[in-house]
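Each value in this text was obtained by applying a stated rule to the coordinates, not by laboratory testing. As the structure is a prediction and not an experimental result, all values here were calculated from the model. Every residue, glycine among them, receives a Cβ derived from its backbone with ideal geometry; neighbour counts consider all protein chains shown.
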Amino acid sequence: ILNFIRLETIILDNVRDKNFNKFFDYLICLTTLHAITISFAGHISSLDIIFSQIFRLSTLKYCKIEYQQLLFIDFINYDSSSIEYLIINGRFPFSAFHNLLCCLPKLQHLSINSLVNCGDYRERNQLSSIQLKYLKHVSLKLDVHFDKFEKIIKEFFYHIQILRLTIECDDRYLDAKRWQQLILFHMSYLRIFDINHQGFLREIDLRYRYINKQFYSSFWNEKKWFFIYYYESKRQFNFETFYSTRPYRRKDYMYYTEIDEKPGLHNQRENFKSVKHLYIARKIKPNCRNYFSNVNQLTIGYDVEILDDDSFITNLKCMIPLKQLTKLVINLRRFPFEEIIKLLCLTPNLHTLQFDEYSLQEIDSNFTKYKILLQYILKKNKIENLVLTGRCSLNKIRFIVCVFSKLKYLKIGINRKISSIIQYLLSKTHNQAQHLFYLCISTVPKVYLKETKDLIKLENLLDNYSIEFINEDLHLWW
């Protein structure tokens, strides 16, 4: 690292806790370092130690941290940090949130994708509050009671201009009058108020219809802040969602159904230009008025009983330009492979695909049925990254390697026979997986690490490779 004395940005991926501490002292010597991105793998002894090290970087302006599990953290004796732009992707304890903000006097942009209550976290002495006069943009996904979060707003958010909140459960966040008072007296510079609230109720609660009307008062209309409330009863639960719209500013959109009661928008087609990732959670209505012109990622995850033979793809084509999709994730387990083939024929620029191995159940017995469509896919598809959920047999892996011949990254689950699968994928004889260089086998026992090493050595499958066991996944790249 010391050879790059003018280094300004560093990205550390899949870092182990012990490895990070070993070379962090070298980062201190990089006097021009202003941006760091860290993605942690495996267990971390204390995120508290990581932050204390990061806060020592006196020239740092941008910091992005990603980790898997909720970690112990204090923030008591830290010096002020120079960080202006902070992103935390991982469960962060709300009890430490106050002290975190107190360490960041120059903070301008804050994003945390999971701010949560933590029962195991012991609340420590709070640092004295500071004025965050540079903080303009806050984006949070919350699972915290409004009463607690309201205190943070009053202490630190006076100067913010953009507030984006994604909230689960606590219906007190839907109190329009309470928000109005907070905005008037504690967030007077606020230009954009973007909220998305979701929750499940066991009983129909008519209060929500009244709450919805509160957000259509003159206060909200004058600021041009508009909202949509959607309610659906399903089985024993009642689902509600409330979110900002007109314009919709988020990059992600979850489609439940078309909202028919949009004030002033009857029979108008609405283009959600900001959306890059569309998640379909329910059946698409024919002639859908919602259009997503810039979507490049699609996730499908609705109930199998509403999947019709032709209507799904027909209606989908009215919602998004399929040709520009680069990533497709199918979370529906029983999604027919015939439908996947049809989608692949309409998405020539797709490079990342995920679906469940159950979709391949009928391939052997119905291969001729798919033969013509498969010939097109064999020649035209550009898929380089494939994730198969569930446990794959060797026959299914042979099939997907044949169909997706350009694969570079493959993530699969297996049904015990790891040796035969490894041998097939690394075989130099058939050479069907010639472009593959990264294999991830998910949710396996650690003993597979040694078995794979022994197999590679015994069969002389690879000369240069790396292998790691991280969070119950076996990673092999060469």
Only bridges with both residues in the chain count here: give the DSSP antiparallel percent, nearest 5.
25 percent
Given [x] 4, 19, 30, 27, 14, 5, 1, 0; [y] 4, 14, 18, 15, 12, 11, 10, 9, 5, 2, 1, 0, 0; [z] 3, 16, 22, 25, 21, 10, 2, 0 as possible values of P(r) over Cα pairs in 10 Å bins from 0, in percent, the one from the coordinates is [z]
Taking θ as phi - 60°, what are the ³J(HN,Hα) couplings along the stretch 273-285 by the Karplus curve (6.51, -1.76, 1.60), each to the nearest whole Hz, with x for Gly and Pro?
5, 6, 6, 9, 10, 9, 10, 9, 9, 9, 5, 7, 6
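What does the convex hull of the alpha-carbon atoms of the stretch 384-478 project to on average, in nm²?
Orientation-averaged projected area of the Cα hull: 5.3 nm².
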Residue by residue through the stretch 441-446, what is 3J(HN,Hα) from phi via Karplus (6.51 cos²θ - 1.76 cosθ + 1.60, θ = phi - 60°)? Round to whole Hz and write x for glycine and proline.
10, 8, 6, 10, x, 5
Considering only the stretch 384-478, percent of DSSP beta bridges that pair antiparallel, nearest 5
45 percent
Rounded to whole Hz and in sequence order, give me ³J(HN,Hα) for the stretch 379-386 from the Karplus expression 6.51 cos²θ - 1.76 cosθ + 1.60, θ = phi - 60°, writing x for Gly and Pro.
8, 9, 5, 10, 5, 10, 10, 10
So for Ile10, Ile422, fewest C-beta neighbours within 10 Å to most, what's the order?
Ile10, Ile422
Given a Förster radius of 51 Å and the C-beta distance between Asp454 and Ser218 as r, what FRET efficiency does 1/(1 + (r/R0)^6) yield to the nearest 0.05?
0.10
At R0 = 25 Å, FRET efficiency that the Cβ-Cβ distance of Trp478 and Gln53 yields, to 0.05
0.15
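Work out how much length Ser188 to Ser129 would gain on full extension: take 0.36 nm times their residue separation and subtract the Cα-Cα distance, in nm to one decimal. All intermediate terms of the calculation are to be shown ahead of the outcome.
Working: separation 59, 0.36 × 59 = 21.24 nm, distance 1.93 nm.
Length gained, Ser188 through Ser129: 19.3 nm.
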So how do Trp477, Trp179 line up by other beta-carbon neighbours within 10 Å, fewest first?
Trp477, Trp179
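Please tell me the relative contact order of the chain in percent, rounded to the nearest whole number, where contacts are Cα pairs under 8 Å and at least six residues apart.
Worked out over the chain, it gives 6 percent.
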Assertion target for Val275, Val447, Val329, Val144, ordered by fewest C-beta neighbours within 10 angstrom first, is Val447, Val329, Val144, Val275
Could you give the length gained on full extension between Tyr231 and Ser111, defined as 0.36 nm per residue of separation minus the Cα-Cα distance, in nm?
40.4 nm
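Report the gain in length on full extension from Asp13 to Asp463: 0.36 nm times residue separation, minus Cα-Cα distance, nm rounded to one decimal.
Residue separation times 0.36 nm, minus the Cα-Cα distance, leaves 159.6 nm.
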With labels modelled as points extended 7 Å from the Cα through the Cβ direction, what inter-label distance (nm, one decimal) is found for Asn331 paired with Val447?
3.4 nm
Treating each Cα of the stretch 438-478 as an identical point scatterer and ignoring solvent, apply the Debye formula and state log10 I(q)/I(0) at q = 0.25 Å⁻¹.
-0.83
From the square roots a ≥ b ≥ c of the eigenvalues of the alpha-carbon gyration tensor of the stretch 377-431, which class results: rounded (a/c under 1.5), prolate (a/b over b/c), or oblate?
oblate
